[in-house]
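Here's the structure, in structure tokens; my notes come after.
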Amino acid sequence: MSISLSKAGTGDNMDVETREGIMVIADIENGTLHRSTLELLGKARELADSRKTSVSVALAGNNVGELKQVLFEHGADRVYIMDCEELGTFDPATYKEAYISIIKEAKPEVILISATHRGRSIAPRIAAHLATGLTADCTDLYFDEKGNFIQVRPAYAGNIYAHILSRTKPAMSTVRPGVFKPIQRIPGRTGEAVVMPKTLCPRGALRTISKTHREIASITEAKVIITVGRGLRRKEDIELVKKLARIIGASVGATRPLVDMGWMPKENQVGYSGNIVKPRIYIGLGVSGSPMHVIGMKDSEIIVSVNKDPNAPIVNISDYAIIGDLYEFIEKLTKETERLKSKIS
Amino acid sequence: MQKNQVAAGCDYVNFRIVVLMKPTPDPDKVRFDAEKGTIIREGVELIINPYDLPAIELAVQVKEKLGGEVIVISMAPPQGEEALRDAIARGADRAILLTDRRFAGADTLATSYALASAIRKLGNVNLVIGGEKSIDGDTAQVPGEVAEMLGLPHVSYVSRLIDIDYSRAIVESDLESEVVTYEAPLPCVLQVTLNVAKPRIPTIKGKLQARKAIVEKWSADALADIADINRFGIKGSPTMVYRVVIPKEKERKRIILDTEQGVKAVVDLLMKEGLL
């Protein structure tokens, strides 16, 4: 049971000079591509074109080879396929092995990984193995005039953005879903498929006992978030909000006081000490807009607030500030959206 | 045979659990510089990163079941000591603070290297537990990097520990679209979410113990025999801030509406997004 520092992380097996191209690590969810993979491909294509280089994808999993065509049609020039039964279990260490084999073959200069829970599990292992820099949750990526690869990420809960340079190659970045856009699909576009030998299939230590699928999306991925604050009178009233959220496909968030009172789980907390969210539409119900909360939602595309108090701080940062009773608003919006939905179906 | 011996209690006192803990500024006491849009760090005390509290609690629960000891390790400036004392009040047996100017300026790779080196230095570690992420850095990278540097398996986003014995842990991992139950051999690294355990409130006795406890301070030299000190701190950090940009705050429309108008406006927005 003794633990030793493994050779991993010494980075001595990597040839820095000859690295070229942008690699995207495909994020596989239930045998299909997670939408973030195509988004990363969109950005990778743009980066590669600006750098006059190519885009590759590392596609590892069990029975995933067929996904290559979608990748070509969304901008990949080359797809490295590592198809192994062993990868049927999501084990960060075995996936890391698979990607390291591909990275050794492809020698990319930049590696982009989805900031899903899978991507966030694998990326640190790859970075530690290669002893290279890894920047989390990038909101933009570019090459500067000198050809440095720059990664932009919000710094420490402020409205400051740090532009980060990696002194080592490959530079690695994770990007949250929804940050970049896929390119328009080009039907019939093809590329080169590189099938990795089965002899490189890794063996892992983790064993899957069972898997349960579920549908709830992480609040940070939601397009629309309805956040409730102290204006809500009773814990039971959250059900009214959840019903509305279901109709419009929104996630429900809460301010810290509601989480502290045990009305909502911590993972639904929006704010500095909870989740930083930037949905397309943020709807705050009975949220006053404390600085702590605002830091967690100010980058939302459109901010709607419903508040009795016209002087609440959130009014100033709202695109639409509805001054009125949140219960009346919930009732009317529920009725109207239900009516519209039933008309469509 | 060997397993039975362990189960019979011959070896249990040696079960070593390490918790990786980051002392972070107290989010409730942090003040903001409205001009610069940053938080004011000066004079803000360092507390246990809220995401690490469930990690400490889980470690203590495992110790209560299997025996052994809980060792909390942090890398921080000297004022991180108070957070480590708090960890002792919450049930940790030992606290180690990696503190040295040579650790300063570390990015996640150099931080992970220092922490992994400390674990290696301790030796005979059976389980390493880390929180999901830190409230300030928010990268969620350290436990996975430490696992890789130690050559250990790891499970991330662990939302429940179903069972554990001296040879393996059965855990539930929250991978967003699915919840996977794994069997992981020990030693391994578990990166746990807030749901994994409800942190207990320190007892008076615990607080008294913590006040008297010695927080061990390890410098870079303390790790020099097993680590490359050039991989610590800013020297060992491949990423660097190239420049800092203060973006213009988005101009908001600030349209004031009554409830009727508001419902109509929101319906229009949802339709534009294709949600209705």
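Some observations on this one:
- Cβ neighbours within 10 Å from other chains - mean over B:169-175: 4
- Shielding by other protein chains, A:133-139, mean Cβ within 10 Å: 5
- Mean ellipticity per residue at 222 nm, deg cm²/dmol - from DSSP H runs of n ≥ 4 across the protein assembly as shown, formula -39500 (n - 2.57): -8500 deg cm²/dmol
- Cα-based shape type of region A:65-114, given that a ≥ b ≥ c are square roots of the gyration tensor eigenvalues and the cut on a/c is 1.5: oblate
- Between region A:59-79 and region A:297-324, the Cα center-to-center distance that results, in Å: 43 Å
- Shielding by partners, peptide B:243-251 (average Cβ within 10 angstrom, other chains): 5
- Rel. contact order, % - alpha carbon contacts under 8 angstrom, at least six apart, chain B: 22 percent
- Left without a cysteine partner by the 4.7 Å Cβ rule in chain A: A:Cys138.
- Summary value for region B:112-175: 26 percent relative contact order, contacts being C-alpha pairs under 8 angstrom separated by 6+ residues.
- Once the trypsin sites (Lys or Arg not before Pro) in DSSP loops with at most 16 neighbouring Cβ atoms within 10 Å are cut out of chain B, the longest remaining piece is B:42-199.
- Cβ crowding within 10 Å ranks A:Thr168, B:Thr139, A:Thr227 as A:Thr168, B:Thr139, A:Thr227, fewest other Cβ atoms first.
- Overall form of region B:3-236 per C-alpha gyration tensor (a/c, 1.5; a/b vs b/c): rounded
- Sorting A:26-33, A:118-125, A:143-150 by their mean Cβ neighbour count within 10 Å, with the most densely packed peptide first, gives A:118-125, A:26-33, A:143-150.
- Residue of A:Asp319, A:Asp137, A:Asp91 that the Gaussian network model of chain A assigns the largest fluctuation, springs spanning Cα pairs under 10 Å: A:Asp319
- If you sort the three axes of the alpha carbon gyration tensor as a ≥ b ≥ c, you get a/c of 1.5 or more for chain A and a/b above b/c, which makes it prolate.
- Sorted by Cβ density within 10 Å, fewest first, the residues A:Tyr320, A:Tyr282, A:Tyr161, A:Tyr95: A:Tyr161, A:Tyr320, A:Tyr95, A:Tyr282
Just so you know, all these numbers are worked out from the coordinates, no wet-lab data involved. Source: prediction; values computed, not measured. Please note: Cβ atoms are built from the backbone with ideal geometry, for glycine as well, and neighbour counts cover all protein chains shown.
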